[in-house]
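Only one structure is covered here, and it is reproduced in the block below.
Every number in this text was worked out from the coordinates using simple rules, so none of it is lab data. These numbers were taken from a predicted model, which means no experiment stands behind them. Cβ: placed from backbone, ideal geometry, glycine included. Neighbour counts: every protein chain shown.
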Amino acid sequence: MKRQIPLMLVLVFGMFLIFQYFIPHETSEKAYEFLLDWITIIGIFAMALAIWSLFRVTVAKVRTRKENWGYSIFTLVGLFSMMIFGWTAPNGEGWGWYFIFVLSVLMAIGMLVQTMSVKSGRGLWAGLMFVFLIIAVLIGIFDNAWSFHFMSAEPLENPMFRSFFDFVLMPILATTFSLLAFFIASAAYRAFRARNLLATLLLVSALIVMLRFNPYLTPIFGDYMARTSNWLMNVPNLAAQRAIVMGVGLGIVATALKVILGIERGYMGKG
Amino acid sequence: MDFGTFLWTSLAAFLTLGTFSFLYKDNPFYKIAEHLVTGVATGYFLIILWHNGLVPNLFQRLEDGNWYLLWLDSSRPLYLIPAILGVMMWTRFSKTWSWVSRWPMALYIGISAGVAVPVEMSARVNKQLYATMVAIDWNNFFGHGGFNLLDTTSGLSQVLIFVGAMSALIYFFFSKAHTGVFGGVATFGIWVLMIGFGASFGFTVMARISLFINRLQFIDDNWVQNAFNTVREPNPNWSGWFQAVFWVIMVLFIGYAVKEFVDYRKRVRSQTA
């Protein structure tokens, strides 16, 4: 039952969806959409697993006072702040006691982690946790300036939620990607030495594309640099990308068939 | 720009500079940014999936039922099945019950694999082949309006795309030795692949450079110029506090740089002593 039923499920649903593709009927389309909804829902529940895993790992780091454990507090603050902002929204212009509420919830979580971490004096930390929790609950009940929204998307317009996205998430992600410019350049220095024909082809095509917008070269080459770069992107690069995409496509189909037929069972883990 | 917005901009600038500081080495500013983004990104995607995934796909479909009857009286109670399967995924952390999580996992994998076979075959293989094997434009074989080898829509380019793609595919075919004509075609294939990789690499580098320039512009235009009120239209809300926030952040980074320099000098002295 532990291994046979999962194998049967994969085979039955996999084969059904392959054949369903070739049946242009309303019922078949509905079944397809229905099952797609299923995997969306299961996937989101799996996300909760990932968040619990992140929470466990982060708390364990704090509990055992591992090296650099203090930074884990930023992870917890970021995670729970976004969760609070994503499920609450102000009802009008004012904020009321909203920020005291957010602070109380974060402090309660902090006290919970501290209670789990210390070996003596747990009662004090647990007591403080309940104090902060009670403050949060009281504000949640009596403050009318804001409210919880679990079933409507209003919190996505919460200024705090948007600000965390605009001023925390986006700058760090964009900067991390821009950092790759430096690492990619150092990698290129090692990879691009024109030692043979293949490396030379790589070097020349990369240089032409990179120097495309260089204003100093325009008086010398005119628009040839831009046109050559355009040709490289749309002819040899397109041919190479198409070959790779087709290879990837055939690889995906082969792997999917191996999974459906039970040859590939890695997803089941051990035991 | 009011002071509140400037504070947010300063936080963004602090995190941007902190992330850039990784170019020197792993340091406290980078660690703060790294740990913060892990939590914020996880929270953000949880909320997005909740409001855009779980609510419309599950809760709104069950909402005509009663929760105390487990929504079994809903018009669409079958949507309870994926919810139960989703909850079964949570047994993953139990040593005794982790096998239960295989059922929803198997369903997820089975449905995904079943969808992938025809869809991937159509999108990644068939459609790419159709686009590669187009009718050759003999009237404009060497370019539209005369001889123009850099014309990407000419008949010659169409032939080159077809031959290039097929040769690159042949290069990846390892069931036959790459010798003779087959080997020659495979060699042409690797040339095409190398030119393609070079062009893609150059394009990626330029995209990253653009992003880098954008971050520098953000630091200058949005942060430094607002801190010193040197923007084109002077800010009526500007006060000395704007500069104060700027200098607090700068003192943090400069202080760290000085500390690192002092540590370095100490290390060098201890090594030479």
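For A:Trp146, the residues 5 or more places off, or on other chains, whose built amide H falls under 5 Å of its own are A:Asn91. Here chain B is scanned for trypsin sites (Lys or Arg not before Pro) in DSSP loops (not H, G, I, E, B) that have at most 13 other Cβ atoms within 10 Å, and the longest stretch holding none of them is B:96-175. Based on Cα contacts under 8 Å between residues 6+ apart, chain B shows a relative contact order of 16 percent.
So which trypsin sites (Lys or Arg not before Pro) in region A:215-271 pass both tests, a DSSP loop state and at most 10 other Cβ atoms within 10 Å of the Cβ?
Details: sites: A:Arg227, A:Arg242, A:Lys258, A:Arg265, A:Lys270; in loops: A:Arg265, A:Lys270.
Taking region A:215-271 and a limit of 10 other Cβ atoms within 10 Å, the loop trypsin sites (Lys or Arg not before Pro) found are A:Lys270.
A run of chain A free of exposed loop cleavage sites, with chymotrypsin sites (Phe, Trp or Tyr not before Pro) counted only in DSSP states other than H, G, I, E and B and at most 14 other beta carbons within 10 Å, reaches its longest extent at A:23-149. A DSSP coil position with no more than 14 other Cβ atoms inside 10 Å describes the following trypsin sites (Lys or Arg not before Pro) in region A:111-199: A:Lys119, A:Arg193, A:Arg195. Pick from B:Asn148, B:Asn214, B:Asn226: which residue has the top mean-square fluctuation in a GNM of chain B where Cα pairs under 10 Å get a spring? Highest fluctuation among the options: B:Asn148.
Given a Förster distance of 25 Å, report the FRET efficiency between B:Leu70 and A:Glu29 from their Cβ-Cβ distance, rounded to the nearest 0.05. Kindly include the intermediate steps, with their values, before the conclusion.
Values: r = 29 Å, r/R0 = 1.15.
Using R0 = 25 Å, I get an efficiency of 0.30.
Annotation for region A:7-36 versus region A:137-212: alpha-carbon center distance of 37 Å.
Per-residue ellipticity at 222 nm for chain B, helices alone: DSSP H runs ≥ 4 residues times -39500 (n - 2.57), over residue total, nearest 500 deg cm²/dmol? Before the final figure, lay out the partial values.
On the way: 8 runs with 162 residues, N = 273.
Roughly -20500 deg cm²/dmol at 222 nm, from the helical runs in chain B.
Each of A:Phe161, A:Ala187, A:Phe148 was placed along the dipole of region A:69-189 (beta-carbon charges, centred on the mean Cα), and the one lying farthest toward the positive end is A:Ala187.
Once the GluC sites (Glu not before Pro) in DSSP loops with at most 14 neighbouring Cβ atoms within 10 Å are cut out of chain A, the longest remaining piece is A:94-271.
Within the listed set A:Leu79, A:Leu103, A:Leu257, the residue fluctuating most in the Gaussian network model of chain A (springs between alpha-carbon atoms under 10 angstrom) is A:Leu257.
What are the DSSP H helices in chain B that stretch 20 Å or more along their long axis, judged by alpha-carbon atoms, and whose average Kyte-Doolittle hydropathy comes to at least 1.0? Walk me through the intermediate numbers first.
Values: long enough: B:3-20 (25 Å, 1.37); B:28-49 (31 Å, 1.16); B:102-120 (25 Å, 0.93); B:155-171 (24 Å, 1.76); B:180-217 (55 Å, 1.30); B:240-272 (47 Å, 0.38).
Within chain B the helices that satisfy the rule are B:3-20, B:28-49, B:155-171, B:180-217.
A Gaussian network model of chain A, with springs between Cα atoms under 10 Å, assigns the largest mean-square fluctuation among A:Val59, A:Val137, A:Val204 to A:Val204. For the segment A:4-12, counting C-beta atoms of other chains within 10 Å of every residue's C-beta and taking the mean gives 5. Between the helical axis of A:197-210 and the longest alpha-carbon principal axis of chain A there is an angle of about 60 degrees.
Among the trypsin sites (Lys or Arg not before Pro) within region A:1-86, which fall in a DSSP loop and have no more than 12 other Cβ atoms within 10 Å of their own Cβ?
Passing sites in region A:1-86 are A:Lys2, A:Arg65, A:Lys66.
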